[in-house]
Amino acid sequence: MPKTTPAYDALCAHLRSVGHLTSIAALVSWDQETYMPPKGAPMRAEQSSLLAEITHQRLTDPRVGEWISACEADATLNKKGSVTAANIREMRRDYDRRTKLPSSLVAELAETGSRAQHVWKDARAKSDFKMFAPWLDKMMALQRQKAQCYGVPAGGELYDALIDEYEPAVTAKEIAAVFGPLRKDLTELVKQVAAAKKKVNTSCLTLKIDPAAQHAFGQKVLEAMGFDLEAGRLDVTTHPFCSGFGAGDTRLTTRYRDEKFTDALFGTMHEGGHGLYEQGLPKSDPGKKKGVFGQPISEAVSLGIHESQSRMWENFVGRSREFWTWALPIAAKTMSPKFKSFSVDQMHAAVNTTTPSLIRVEADEGTYNMHVMIRFEIERALLSGDMKVKDVPAAWNDRYADFLGIKVPDDRRGCLQDVHWSFGLVGYFPTYTLGNLYAAQFWEKINQDMPGLKKDMTKGKLLDLRDWLKDNIHKHGRRYTAAELCKKVTGKNLEAGPLLRHLRSKAQAVYGI
Ligand SMILES: [Zn+2]
């Protein structure tokens with residue numbers, strides 16, 4: 001137990017209470033998405049907003065600022081590399097971000113966001129960008145104000161202040177430096193795949209399978225992944241998610257489509273990857289008074305790292321030949337005997353096809369990153385003022401033609417498809433591709449450290465992988481920044497090479513290119 005001070009103890013006790021409030025809010029929100037009867041909605045909205053208000057009051061309580069200052073002045077708490085130092089550094093970061101925005105701006109952001117979202121829905125249905133443009137313009141102006149309040153790091157740009165909320169301590173320039181080579185090579189790869197003669201038989205993906213059987217299969221996969229079902233659940237929602245409430249309770253959701261079982265399977269593995277991260281964080285026993293629950297050290301480091309965990313299980317494990325060597329006989333037993341007529345190679349090819357498409361959320365593993373990079377470029381230019389809102393559709397369509405080789409027929413399937421910008425989620429998109437990049441870089445290191453992993457995977461032995469992730473990534477919480485963690489784990493800064501090698505080797509296996 002590190003030596004502490006009264007101010008530090010007061011902070012931790014205070015944050016523990018906030019941790020419980022946040023956890024309760026997540027629980028009522030989980031209930032709203034899963035089992036709440038529709039007529040409960042107005043009452044639930046009131047409950048959720050009350051919880052949010054109390055949480056905000058506690059987090060911005062001036063005493064928190066005073067306690068942090070007292071901790072910062074105490075050298076014994078700030079020894080380099082210690083848990084207390086990491087906690088104090090992150091508490092300062094959180095407190096400053098929460099108290100830097102004037103309440104008038106917070107209110108204007110909320111109101112504009114809710115009205116813009118309304119207009120966006122209408123504009124998308126009518127495929128009419130002009131209708132949405134003034135609102136996007138207003139939202140971007142507010143985002144600029146927000147970024148200015150947070151403060152732009154020396155030599156940086158407004159975008160840095162926004163992305164910091166989702167991926168702390170990374171800059172737009174650093175992202176662009178990794179995205180650049182990734183996009184160049186991916187564009188080439190997409191072209192080669194499009195020109196490939198080989199057509200993949202995907203009939204194994206459209207077998208009609210009862211949701212209950214899909215659920216049983218999903219549970220088996222989660223068990224093999226080492227997701228503790230005594231400390232978690234799997235339920236059904238329209239939009240799958242993972243919610244970690246603290247020690248002993250991590251909830252996952254998925255959705256079932258009769259004629260596309262991979263939707264639920266990969267959704268379950270994806271959320272399962274998030275869930276394992278939550279279960280691996282140092283949240284400690286909830287019964288212990290001195291546990292780290294509520295402290296930054298018990299939380300996920302960034303959205304990019306969180307996403308690296310979900311994508312690793314979904315794409316690097318779930319779409320591998322080794323996984324299907326184990327899973328195909330189980331699929332035949334649990335879901336349908338028809339799986340017996342497919343080979344592992346057929347399954348592997350079918351779940352790894354690459355086809356440029358218009359809609360991000362339906363994109364395959366290979367082209368998904370292109371959708372993200374296009375959005376990153378556009379939102380960064382909008383924020384800096386280098387691009388005008390009226391020019392968004394043309395900029396969007398040109399990029400889809402250049403990088404994916406497809407023509408965008410209308411704005412509904414183009415720049416109006418995502419809800420994010422309407423409520424001011426700017427700086428968030430890159431975390432998806434950062435997640436893929438981190439996953440690939442970690443995966444190469446894992447396979448160096450565990451040369452027997454691929455063989456184990458063919459037998460469904462995945463627990464050593466889970467433990468590696470826990471020891472090297474999960475257990476650190478927010479002790480290091482994402483970039484520091486990447487360097488510590490892999491010995492290198494984040495780079496495009498591992499993801500490109502991964503995607504290339506799949507294209508080679510599937511299309512022979
Ligand atoms: Zn995710």
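Things worth noting here:
- Accessible area per residue for the stretch 336-391, computed on protein heavy atoms with a 1.4 Å probe, is 40 Å².
- Other residues whose C-beta falls under 12 angstrom from the C-beta of LYS208 contribute a net charge of 0, scoring Lys and Arg +1 and Asp and Glu -1.
- In nm, spacing of pseudo-spin labels at LYS454 and LYS79 (7 Å Cα→C-beta vector): 4.4
- Trypsin sites (Lys or Arg not before Pro) within the stretch 344-413: DSSP coil, no more than 16 neighbouring Cβ in 10 Å: LYS388, LYS407
- Over 16 Å [Cα-Cα, the stretch 335-413], rounded percent: 60
- Contour minus Cα-Cα distance for ALA231 and LYS388 (0.36 nm per residue): 51.6 nm
- With 25 Å as the limit, the listed pairs LYS208/LYS340; LYS100/LYS470; LYS220/LYS454; LYS79/LYS475; LYS39/LYS220; LYS191/LYS454 have LYS100/LYS470; LYS39/LYS220; LYS191/LYS454 beyond it between alpha carbons.
- In loop segments of the stretch 252-331 as defined by DSSP, the trypsin sites (Lys or Arg not before Pro) with at most 10 further C-beta atoms inside 10 Å of their C-beta are LYS288, LYS289.
- Here the accessible area is traced with a 1.4 Å probe on the protein chains. For the chain, carbon and sulfur cover 54 percent of it.
- With R₀ set to 22 Å, the beta-carbon distance separating ASP96 from LYS173 gives a calculated FRET efficiency near 0.45.
- For the chain, calculated [θ]222 nm from helices alone, where every DSSP H run of n ≥ 4 adds -39500 (n - 2.57): -20000 deg cm²/dmol
- Our analysis of the stretch 397-513 gives Rg over Rh at 1.06, with the two radii drawn from alpha carbon positions and Rh computed by the Kirkwood formula.
- Surface per residue (accessible, 1.4 Å probe) for the stretch 146-297, Å²: 44
- Under 14 Å, Cβ to Cβ, from ASP410 - net charge with Lys/Arg +1 and Asp/Glu -1: +4
- Inter-label distance for LYS407 and GLN148, nm, one decimal - labels placed 7 Å from Cα along Cα-to-Cβ: 4.3
- Sequence-distant lysines (8 or more away, or on other chains) whose Cα lies within less than 29 Å of LYS184: LYS173, LYS197, LYS198, LYS199, LYS388, LYS390, LYS407, LYS445, LYS487, LYS488, LYS492, LYS506
- Over all pairs of different C-alpha atoms in the stretch 222-333, the reciprocal of the mean inverse distance, the Kirkwood hydrodynamic radius, equals 14.9 Å.
- Volume of the Cα convex hull of the stretch 267-395, divided per residue and given in Å³: 161
- Based on Cα contacts under 8 Å between residues 6+ apart, the stretch 61-155 shows a relative contact order of 24 percent.
- Relative contact order for the stretch 364-513: 22 percent, from Cα pairs under 8 Å spaced at least 6 residues apart, divided by residue count.
- Of THR353, THR99, the residue with the largest accessible area leads and the full order is THR99, THR353 (1.4 Å probe).
- Applied to the stretch 263-273, the Karplus parametrisation 6.51 cos²θ - 1.76 cosθ + 1.60 on θ = phi - 60° returns per-residue 3J(HN,Hα) values of 3, 6, 4, 6, x, 5, 5, 4, 5, x, x Hz, with x for Gly and Pro.
- Amide H within-cut-off set for VAL236, under 5 Å, with H built and near neighbours excluded: THR254
- Net lengthening on full extension, ARG44/ASP258 (0.36 nm per residue, minus Cα-Cα): 73.9 nm
- Of all segments of the chain bounded by GluC sites (Glu not before Pro) found in a DSSP loop with no more than 13 other C-beta atoms within 10 Å, the longest spans 260-513.
- VAL200-ILE359 FRET efficiency (beta carbon distance; Förster radius 30 Å; 0.05 resolution): 0.90
- Among the chymotrypsin sites (Phe, Trp or Tyr not before Pro) within the stretch 322-364, not one is in coil by DSSP while having at most 10 neighbouring Cβ atoms inside 10 Å.
- A straight chain from ASN493 to GLN57 at 0.36 nm per residue would run longer than the Cα-Cα distance by 153.1 nm.
- Compactness of the stretch 106-219, expressed as Rg and Dmax over alpha-carbon positions, Å: 22.0, 57
- Inter-probe distance in nm under a simple model that places probes 7 Å from Cα toward Cβ, at HIS239 and SER341: 3.9
- Relative contact order (%) - criterion: Cα under 8 Å, at least six apart; region: the chain: 21
- Longest to shortest principal axis, alpha-carbon extents of the chain, angstrom: 66, 53, 52
- Accessible surface, per residue, of the stretch 50-124 when the full set of protein chains is kept, probe 1.4 Å, Å²: 57
The values are calculated or read from the model by the stated rules, or taken from the named source; none is laboratory data. Just so it is clear, the model here is predicted, and its values are computed rather than measured. When we count neighbours, we look across all protein chains shown, and the Cβ atoms used for this are built from the backbone with ideal geometry, even at glycine. To get the accessible areas, we keep the full protein, side chains included, count just its heavy atoms, and leave off ligands, DNA and RNA. Shrake-Rupley method; radii C 1.70, N 1.55, O 1.52, S 1.80 Å.
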